[in-house]
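Colleague: Please find one structure pasted underneath; my questions will follow.
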Amino acid sequence: MKEIIRYYWIRFSASAERDYEAGEVSATTIVMAAALVALAIAVGATITARVRDKANSLDLG
């Protein structure tokens, strides 16, 4: 798994560097950005659900 992440990070970095020089955004950069946004949303939803479940399980009275 580390090799896959490293490979995609290298691809992302190379694409971003090439885009910076050319002044445009490539499809690789857009896909990687979209994947990071989706991952952030999934993590946020998971944390929110766990906190909500824990709060609902508290006996306050």
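Colleague: Give the residues of the range 25-51 that are hydroxyl-bearing (Ser, Thr, Tyr) and at pLDDT below 95, sorted by residue number.
Modeller: Ser26, Thr28, Thr29
Colleague: May I pose another question? Could you tell me which of the residues Lys54, Lys2 is loosely packed, with under 10 Cβ neighbours inside 10 Å and modelled with pLDDT of 85 or more?
Modeller: Lys54
The values are calculated or read from the model by the stated rules, or taken from the named source; none is laboratory data. All values reported here derive from a predicted model rather than from experimental measurement. Cβ coordinates were reconstructed from backbone atoms using ideal geometry, including for glycine residues, and neighbour counts include every protein chain displayed.
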